[in-house]
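Take a look at the structure set out below.
The values are calculated or read from the model by the stated rules, or taken from the named source; none is laboratory data. Computed from a predicted structure; not experimentally measured. FYI the Cβ positions are ideal-geometry reconstructions off the backbone, even for glycines, and counts take in every protein chain you see. The area values use the complete protein model at the heavy-atom level, side chains included, leaving out ligands, DNA and RNA. Shrake-Rupley method; radii C 1.70, N 1.55, O 1.52, S 1.80 Å.
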Amino acid sequence: MPSANNSDGSLAWLRDRNRQRVMEILRMQGQISQADIARATGLSRTTVSSLVAELKEAGRVLDVDPKPGPARGGRPGVRLVLRDPGQVVAGIDFGHSHVGIAIADLAHNVLAERFFELDVNRQAVEALDRAADMFGEVVEAVGVDRRRVLGAGIGIPGPVDRARGTAGSATILPGWVGLRIATEMEERLGIPVQIENDANLGALAELVWGAGRDCSNFAYIKAATGIGAGIVIDGRLLRGATGTAGEIGHTTLDEAGPLCYCGNRGCLETVASGPAIVELVGPVNGERLTLARVVELASDGDVRCRRAVADAGREIGVAVAGLCNLINPERVIIGGLLSRAGGVLMNPLRESIRRHAVQAAAEAVDVRAAVFVERAELLGSVALALLGSHEMVRAV
Ligand SMILES: [Zn+2]
């Protein structure tokens, strides 16, 4: 009886799909109550309850006492976690001059977090070796058997060529040209790894724990030494054909403007990146300021620094307005060191979006500061590993 088989088949398919959605929410939230799973998936409480019972019986989830995650206070009530919270993932973040490592369990508890200073830009192979040593040390320090580490998310401060697993730009990370980062790290760590750029990692950290938790369409803007965007559409990162989606820093604002290191003229980064702002402010009492110091002085009311940061906000807003016209996000989350300037940066940025985006897109968008600044990339690399842990479980 083909019709009966088909109907059974589609019911089984639907149930399987709903089960996958419940698992996906658990990976995303770490710990969550059944009522919140129902709210997040739109499934009825009865359906969720029966799926959870099935998953418990299969030994895939279990009840826990509520524990606070990295950015949330524990709410009362029994929560569910993926079974075996003893399994962990690692996040490894390569900055321009540091390496950060974090270990987290599947219930999203960050068990350890370390930072080390290192000239990452120039010493690529040394940085990979050092990161692998640190990984071993941190795993041992938290008392986890190495075989319990499911996989690692790895962040690099530049575009990522996902197909080749390499840094996608020779001008941003000169020492990393041609290095197959993913393969090299898999060999050193002996676990599956995924790599991603810094702006995308910032977006993932905000999606899982920060200002994008309750939002499935948003753009995260990292405004620091470089300017990049991580775009989340329908709850997923938009990577594009070759992984370079979100290179908003190289939006042309002035065709006759100054030459950018990318080879074009008048890019957003030539007027609003950290080095551009520092250059504009110039030396004070013979001393060249750092971006962090400029941001601090701007917040304290120094007129030159305020003006430089405000102008950068206005220019970033022009590029973000274009992005709003294209993707109509619900929220724009501003992160990176510049976001520490608060209203000095954000007000002109908002004003620019109002002036340059179509009215409907400009009115709909809520522009707010990111929750994570210094830890954005490291937590994002943990989130990358957690969200991919499903595949990693199947791979081990
Ligand atoms: Zn450029």
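Worth a mention:
- With at most 16 neighbouring Cβ atoms within 10 Å, loop GluC sites (Glu not before Pro) (DSSP) excluded, longest segment of the chain: 1-254
- Interchain or long-range residues, amide H under 5 Å from VAL193's placed H: ALA152
- For segment 233-276, the solvent-accessible area with a 1.4 angstrom probe is 53 square angstrom per residue.
- Length released on extending from GLU351 to ARG265, taking residue separation times 0.36 nm less the Cα-Cα span: 28.5 nm
- Computing FRET efficiency as 1/(1 + (r/R0)^6) for ASP119 and LEU238, where r is the C-beta to C-beta distance and R0 is 35 Å, gives about 0.65.
- Alpha carbon Rg of the chain, scaled by the compact-globule rule 2.2 N^0.38 Å: 1.05
- Gyration tensor verdict on segment 202-243 (Cα atoms; rounded if a/c is under 1.5, prolate if a/b is larger than b/c, oblate otherwise): oblate
- Simple spin-label estimate for ARG180 and LEU111 gives 3.0 nm between the two label positions (7 Å along the Cα-to-Cβ direction from each Cα).
- Summed over qualifying helices (DSSP H, 4 residues or more, each -39500 (n - 2.57)) and divided by its residue number, the chain shows a 222 nm mean residue ellipticity of -14000 deg cm²/dmol.
- The chain, accessible surface, carbon-and-sulfur percent (1.4 angstrom probe): 49
- Segment 201-216 - phi-based ³J(HN,Hα) in whole Hz, Karplus 6.51/-1.76/1.60, Gly and Pro as x: 5, x, 4, 5, 4, 5, 5, 7, 10, x, 6, x, 4, 9, 9, 10
- The magnitude of the dipole of the chain, with charges of +1 and -1 set on the Cβ of Lys/Arg and Asp/Glu and taken from the Cα centre, is near 920 debye.
- Ordering ALA12, ALA292, ALA364 by Cα displacement along the dipole of the chain toward the positive end leaves ALA12 in first place; charges were set at the Cβ atoms of Lys, Arg (+1) and Asp, Glu (-1).
- DSSP beta bridge pairing in the chain, given as percent antiparallel to the nearest 5: 65
- Rounded, prolate or oblate (a/c below 1.5 giving rounded, otherwise prolate when a/b exceeds b/c) for segment 317-396 by Cα gyration tensor: oblate
- Karplus (6.51, -1.76, 1.60) ³J(HN,Hα), θ = phi - 60°, over segment 262-272, in Hz, Gly and Pro reported as x: 7, x, 9, 10, x, 5, 3, 5, 6, 10, 10
- Nonlocal amide H pairs with VAL61, under 5 Å, H built at 1.01 Å: LYS56, ARG83
- Around the amide H of VAL120, modelled in the peptide plane, lie the amide H atoms of SER97, HIS98, all under 5 Å away and 5 or more residues distant in sequence or on another chain.
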